Structure formats: C-alpha cells, structure tokens
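Asks: Before I ask anything, let me first share the structure, which is written out below as structure tokens.
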Amino acid sequence: MNNSEPSAVSLPLSRRAQRLSAPGTSSMRSKANALKEAGVNVINFAAGELTFDACPAMKAAASDALANARNRYTPPIGLPQLRQALAQRVTQRCGVNYTADEVAVTAGAKQALYNAAMVLLDPGDEVIVAVPYWETFPTQIQLAGGVPVYVDTAADDYRLTCAAVENALTSRTRMIVINTPNNPTGTVYQREQLLGIARLAFEHRLWVVFDECYRKLVRAPHEHHNIVSLFAPLKHQTVLVDSFSKSHAVTGWRVGYACAPAAVIAAMHNLQGHTTSNPSSLSQYAALGTLMADAPHFTRQVNAFLDQQLLAACTCLGHIDDITCAPPEGAFYLFVDVSRKLGGRYLGTVIRDVDHLADLLLTEAHIAVVPGSGCGDRNSIRISYAVEREALIEGLTRFARFMAEIVAH
C-alpha cells in the first residue's frame, strides 16, 4: 500500500490573465522602492502624483466623516448627494445640463474608464487610441473584448487630429478615447481640434470617452476645453471621466466619477455592484465636503508650484544634447525623446532600447523614469516634475550626467 502524498498540481491561469502584465508605472515604482529599502537614494520621476499633502478642505471633510462614523455601505454607484453635487458642477462648467442619474462615482478614474469599456464594447469593436497613450487604455479595451486601433500623433504635436481619426475609421469603429491634458505627453488639445473630432464622432455615431483628469493642471497660456461644452449634441455619445486624485493630491483615496447618458450609468451601476460595490465611503464624503467648500486656492497653489517646477526642469533639460520634449502644456509630465541615445554605449554597455535605458538610469544613476514602450512610443521616457524642488534638480543633474556619458553608436 502506497501512503505517499500525491504530487501537487500546478493549474494554469486563464489566457486572459496570461496576456496581462503590470503597468510600467507600477513596475518601475516597485523596482525603485526595492532600491530605497536597500538604502539607495533613488529619485522617483515615475510616480504620477503630487508631493503635496492632500487638499485641506478634503482632509477636513474626511476627518469629519470619520468622526461621524460614515463607515457603512453607500449605494454601489455613489452617494446620492455626491452625485447631485457633481452633476451641478459639471452642468455649470460645461453649460450643458446633467442630472444625478447621469453620474457614477467610482474607485478612481481608472474604474470609470473600465466600466465604460465593459458596458459599451462588444467583442471585435474597434476603439481609436492616440499614441502615445496612458497604458491602461488599450488593456481595458482588450479586457472588454475590443480592439485598440492606434494612431500615431508625434507628427501632430502629440494631438489626435480630425483627419487622423477619419483615416482610422472602419465599419467596426465604436469608440474614440481622448485624454487631455495628456498623460504621458503633457499636451493639451486645442479648441478647434476637439470640435472637429466631436462633429466627426457625432456624424459617425461613435462613443467618445473623454478623460479630463488633469483638467485643473494646465500651464498658461493654454486652456482646457471640454468636448461636450464645445459641441452639446455629443453629450448623448460621451462618457466624461474625471477624478479628485491629481488635482486634490489624494491618489491613494481612490475617488473619481463618470458622466454619461442615464442608461450607461445604470449599466455601470449593475457592473459596479458585482465588482467593487461602492467606492470608499470616507473618500466619497471627503469629495462631497470639498465640493461644498469650493477651495480654488489649493489648485492655484499647485499650479504655481508646477509652473516653477516646469521652468526649472526645462532649463536643466535644455543643456542636454540630442533630446527633445513634447510640448509640456498641462498635467506634470515631460515626455522626452531619447531615440538618438538608443544604440549608444554607456560605460561599454550597448543601450538596447528604451526599457534598457530606463533600467540603467535606475541602477546606475538611481533615477526612476517611465519607459515610453508601455505607452506605445519606443523612443521616449516620461519624467514627472511634480517632485520636491531639491529632488527635481538633483535628479535632472544625474540624468544629464548619465546622458553625457553615452557614446554615440
């Protein structure tokens, strides 16, 4: 009789899971944190967040919610009073009426985008995505069974043009994704560009997912334009996505929202009820308190800081040969073209590609950046300038020193 234990069996993951990879930002952040824990002084240009403390009004509202035991479930799609307040705010700034039934509160903007893909796309539907893109866009489209159709924007100052959209249309096109101010490039779409795309989408009966999470973080003289505000008939084909994360320095609190036709919001409600259920109740009450307090001085303070940071960063980068940047008009990113450095040698090591360059910057110069390969651009890296001034100058000094040591191929 054999009493030995049976061998363990390793069961496979789903094909869907096997196709998934971690976002480049998360991967680089993990590598940087591992070095920090080992005592290395790493400067993190990879994080997409402000170093500011949270907006005081939001902190006060969160503290009040905690003191008043706002710890229970809320409706899956968000507090009714928060949805109403958001509807009023969006109505005011867009000049187009929104009701609470057209607002979904989500666990950050990422969930709003995921919900939109899941409730609007069928397998095989095509979605036009500008390159470079925030790496989550195509992954979420694919998870929903859709097919990303990539349109390179480098020749058009990193903005999707009406002509480029028209050239990408097929009988399977279902949606266009627009992100302005843009991550990773920092570019801001101009009024006429958005108006042209809006009319085209309306004519072809396409959904537009309009991600404006950085709308409050724009460098003068540039301005943010909302696509529904420019062309009101498109409201019934548009999902507006926004978040408190970036503008209020609360990336970890996970509270965002979507505005869309009531039927779309109802479908999101059903989906969200089976995934996360409601976003954090404390974060929702904090968001509500912030809307009621209306604290524009915090945004002014953040933008004044970012203006100074951008000036310092551009001064530093201006002294480095053989690199160029996308127009840094909004958000807090510099998208740096390093293609003329690729294939060169750093201390005898051939730099194979942009991912290898990012790894060398981390291990040799102790700077964390985001390689553009995850954004569809294998020639560039993303640098966040929303760090402390001392870290910005030191990090860019290291970057300049590293780049100067690359011997051209």
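Asks: Do any helices (runs of 4 or more DSSP H) entirely within the range 1-80 hold 3 or more residues that are modelled with pLDDT under 85, surrounded by 14 or more Cβ atoms within 10 Å (Cβ to Cβ) and not small (Gly, Ala, Ser), and if so, which?
Replies: Numbers: elements: 15-19, 24-37, 56-67.
Ranges flagged: 24-37.
Asks: Contact list please: Cβ distance under 8 Å, first residue in the range 7-28 and in contact (Cβ under 8 Å) with a residue 12 or more places away in the chain, second residue part of a loop (DSSP other than H, G, I, E, B) and among the β-branched types (Val, Ile, Thr), pairs at least six apart or on different chains.
Replies: Pairs found: Met28/Val369.
Asks: Only one of Val131, Val151 is surrounded by fewer than 20 Cβ atoms within 10 Å (Cβ to Cβ) and touching a helix residue (DSSP H, G or I) at 6+ places or on another chain (Cβ under 7 Å). Can you tell me which?
Replies: Numbers: Val131 fails: touching a helix residue (DSSP H, G or I) at 6+ places or on another chain (Cβ under 7 Å).
Within the list Val131, Val151, the selection yields Val151.
Asks: Could you tell me which residue of the range 45-91 is nearest to Ala313 (Cα to Cα), considering only residues that are among the β-branched types (Val, Ile, Thr) and within 25 Å of the chain's Cα centre (by Cα)?
Replies: So the first thing to find is which residues in the range 45-91 are among the β-branched types (Val, Ile, Thr), and the list is 51, 74, 77, 90-91.
Adding the requirement that they be within 25 Å of the chain's Cα centre (by Cα) leaves 51, 77, 90-91.
On the way: Thr51: 16, Ile77: 41, Val90: 34, Thr91: 37 Å.
Step by step, filter the range 45-91, then rank; the result is Thr51.
Asks: Further question: Is there a residue in the range 373-396 that is over 29 Å from Thr136 (Cα atoms), touching a His at 6+ places or on another chain (Cβ under 7 Å) and either surrounded by fewer than 22 Cβ atoms within 10 Å (Cβ to Cβ) or among the β-branched types (Val, Ile, Thr) (or both)?
Replies: Among the residues of the range 373-396, not one is over 29 Å from Thr136 (Cα atoms), touching a His at 6+ places or on another chain (Cβ under 7 Å) and either surrounded by fewer than 22 Cβ atoms within 10 Å (Cβ to Cβ) or among the β-branched types (Val, Ile, Thr) (or both), which makes the answer no.
Asks: Shifting gears a bit: Being touching a Gly at 6+ places or on another chain (Cβ under 8 Å), closer than 15 Å to Pro75 by Cα and either aliphatic (A, V, I, L, M) or assigned to a helix (DSSP H, G or I) (or both), is that true of even one residue in the range 257-280? Lay out the reasoning, then the answer.
Replies: Looking only at the range 257-280, we keep the residues that are touching a Gly at 6+ places or on another chain (Cβ under 8 Å), and these are 257, 278-279.
Next, from what is left, pick out any that are closer than 15 Å to Pro75 by Cα: 257, 278-279.
Going one step further and asking which of them are either aliphatic (A, V, I, L, M) or assigned to a helix (DSSP H, G or I) (or both), we end up with none.
No, the range 257-280 contains no residue that is touching a Gly at 6+ places or on another chain (Cβ under 8 Å), closer than 15 Å to Pro75 by Cα and either aliphatic (A, V, I, L, M) or assigned to a helix (DSSP H, G or I) (or both).
Asks: Something else: In the list Ala109, Ala100, Ala117, Ala85, which residue meets the criterion of being touching a helix residue (DSSP H, G or I) at 6+ places or on another chain (Cβ under 9 Å) and over 15 Å from Leu288 (Cβ atoms)?
Replies: Unique residue meeting the criteria: Ala117.
Asks: For Tyr158, are the conditions met, namely being aromatic (Phe, Trp, Tyr) and touching a helix residue (DSSP H, G or I) at 6+ places or on another chain (Cβ under 8 Å)?
Replies: no
Asks: How about the range 363-372: which of its residues are in contact with a strand residue (DSSP E or B) (Cβ under 8 Å, 6 or more places away or on another chain) and either crowded, with 22+ Cβ neighbours inside 10 Å or hydroxyl-bearing (Ser, Thr, Tyr) (or both)? Even if it seems obvious, please write down each step before you answer.
Replies: Let us first name the residues in the range 363-372 that are in contact with a strand residue (DSSP E or B) (Cβ under 8 Å, 6 or more places away or on another chain), namely 364, 366-372.
Once the filter is applied, which keeps residues that are in contact with a strand residue (DSSP E or B) (Cβ under 8 Å, 6 or more places away or on another chain) and either crowded, with 22+ Cβ neighbours inside 10 Å or hydroxyl-bearing (Ser, Thr, Tyr) (or both), the range 363-372 yields Ile367, Ala368, Val369, Val370, Pro371, Gly372.
Asks: Then there's this: Of (1) modelled with pLDDT under 90; (2) not in a loop (DSSP other than H, G, I, E, B), Arg83 satisfies all except one. Which?
Replies: Among (1) modelled with pLDDT under 90; (2) not in a loop (DSSP other than H, G, I, E, B), Arg83 violates only (1).
Asks: In the range 229-246, what residues are modelled with pLDDT under 95 and in contact with a helix residue (DSSP H, G or I) (Cβ under 6 Å, 6 or more places away or on another chain)? Give the steps one after another, and end with the answer.
Replies: So the first thing to find is which residues in the range 229-246 are modelled with pLDDT under 95, and the list is 244-246.
Answer for the range 229-246, where residues must be modelled with pLDDT under 95 and in contact with a helix residue (DSSP H, G or I) (Cβ under 6 Å, 6 or more places away or on another chain): Phe244, Ser245.
Asks: Residues being in contact with a Pro (Cβ under 7 Å, 6 or more places away or on another chain) and buried (at least 20 other Cβ atoms within 10 Å of the Cβ): count how many of those fall in the range 225-250. Give the steps one after another, and end with the answer.
Replies: At the first step, the residues of the range 225-250 found to be in contact with a Pro (Cβ under 7 Å, 6 or more places away or on another chain) are 236.
With buried (at least 20 other Cβ atoms within 10 Å of the Cβ) added as a condition, the list becomes none.
The total comes to 0.
The values are calculated or read from the model by the stated rules, or taken from the named source; none is laboratory data. Predicted model, so just to flag it, every value in this text is computed and none were measured. Quick reminder, even Gly has a Cβ in these numbers, built from the backbone with ideal geometry, and neighbours come from all protein chains shown.
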